[in-house]
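Visitor: What follows is a structure written as structure tokens; I'll ask about it next.
Just so it is clear, none of the values below were taken in a lab; they were calculated from the coordinates. These numbers were taken from a predicted model, which means no experiment stands behind them. Note that each Cβ is placed from the backbone with ideal geometry, even for glycine, and that neighbours are counted across all protein chains shown.
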Amino acid sequence: MPHLGRVDRTPHHDHITQHPLGPARSLEPSSEDSPSYTRDGSLIRCVLEAPTHRRHQSLPDAVHGWADSILGPLTVVRDASHPRPGSRVWEVTHQRDGARHFVKISPTPKFFARETRAYRQTAPALGPGSVPRLVETNPRWQALLLTAVPGRGVTSLPLTPARQRAVHRQAGAWLSRFHGGPRDLSPQDHAEAAAEVARAVHGAERHLESAEDLIGERERETVRRHAAELTRLDPLPRGYVHGDFQERNWLFDTGPGRLAVVDLERARPHAVVFDIVRLACRPWVGRPDLRAAFFEGYGRELADKEERSLRCLAALDAVSAISWGVPHHDPEIVARGHATLARLERGDAAWASRSPLSPAPRAGVRRERWHSTSAGHSPRVRDVPRHGRRKAVAPTAHRTPSRGPARQEPAHPLQGSLSAPEGASGVLRVESGGLLMVRRARSGREW
């Protein structure tokens, strides 16, 4: 297949450009959605209220006619867009046999080129049912016509811990096939992958500037230190990344127990560890069993340089999330960014476990790494007493590592508060109901 043009990095907060079918919902908040600010010299108060309902979008007539000409008459057209800016997706049902397809309008030409290339060149090798199949594209309208895959969103399913591990194991296997290897990339792809890392480093200062008082001095130093380290770690193992590999883009069919992955608009050449960042910062926090299951499916653990780069990329992802979350009414992503930076700061001072983003071992124990004697099983981690004699236990492939005490974290990202980083110039408090407050204050108070 011919190369579809230069693939370069567009983070999740990029501005949505004018679309030939009319504007998608811009990532710049509209006047009616904009937060209200009150400044009295000591307080900046920003109320971030999530919309009570999402505006339903109609499939444009021109695109509807195009889909009709390929599939035949359609009986049902349902808005299936994600509740985030720029998402324009519709589920359509064929009149004759009830077959389901999806019509997606890409927000930018760059996303359209990325997703088209991914579905044409990479997805066919993943196997039937593990990813949608591309039926047709229309460059004029930046539209893609895709088959439906079975399953429900993983985040909406009440999965047992054992089933969650099975899902993450399948996700690791899926991502390993998608990444491919260095030989699967062209020389231009390798150059673009290197440019992606450099672009992430250079974007750190821009995000720090836009975050202003939302990030304290200690957090700023954490971000800058990790950005500088990332430049020293490159080159990193490269491949073709998904770009937004997280549970919200996973579909799981509970019948046969099969996983499918969707939303390839951010796929491009990059360091493969980039796809691990959002897993390490979200579902794997306090769940080392999910991490172990994932890498068992992936087929290998991260190399030491990749582990260190994971920390660096997590710091850059965190500052990006914080700077993006406030103007776009997303206090959850702001809280996630601060929580990631807090874990990184604690990890810098603590003894390093297998995963730099894993919680430190509890007091009175030390963490050991051991290897299974069975082929195909990943290294595991367990906690053992620091003092006294320990009974020798032969590890097996089925031994479950100790997870330690329950993490003292809020049940929901919008509940509770975070402790203040030293040197912070403000207070950030995220509460239920979507109230975000930023107060100029001395360090040592709530953050």
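Visitor: Skipping prolines and chain starts, which residues have an amide H placed within reach, meaning under 5 Å, of the one on residue 135, given they are 5 or more residues away or on another chain?
Guide: For residue 135, the qualifying residues are 145, 146, 147.
Visitor: Can you tell me the order of 272-280, 287-295 when each peptide is scored by its average per-residue count of other Cβ atoms within 10 angstrom, highest first?
Guide: So the order, starting with the most tightly packed, is 272-280, 287-295.
Visitor: If you don't mind, another one. So for the pair residue 152, residue 195, with labels modelled 7 Å out along Cα→Cβ, what separation do we get in nm?
Guide: A separation of 4.3 nm, rounded to one decimal place.
Visitor: While we're on this one: At a 10 Å Cβ-Cβ cut-off, how would you order 110, 104, 305, fewest neighbours first?
Guide: Fewest-to-most Cβ neighbours within 10 Å comes out as 305, 110, 104.
Visitor: What ratio of Cα Rg to 2.2 N^0.38 Å holds for segment 55-147?
Guide: Against the empirical 2.2 N^0.38 Å value, I get 1.05 for segment 55-147.
Visitor: Only counting other Cβ atoms within 10 Å, I'd like 167, 135 sorted with the fewest neighbours first.
Guide: Lowest count first: 135, 167.
Visitor: Whose amide H sits under 5 Å from the amide H of residue 216, counting only residues 5 or more places off or on another chain, with H placed in the peptide plane?
Guide: 425
Visitor: Moving on to the next point. Express the C-alpha Rg of segment 245-318 as a ratio against the empirical globular expectation 2.2 N^0.38 Å, rounded to two decimals.
Guide: My calculation over the Cα atoms of segment 245-318 gives 1.17.
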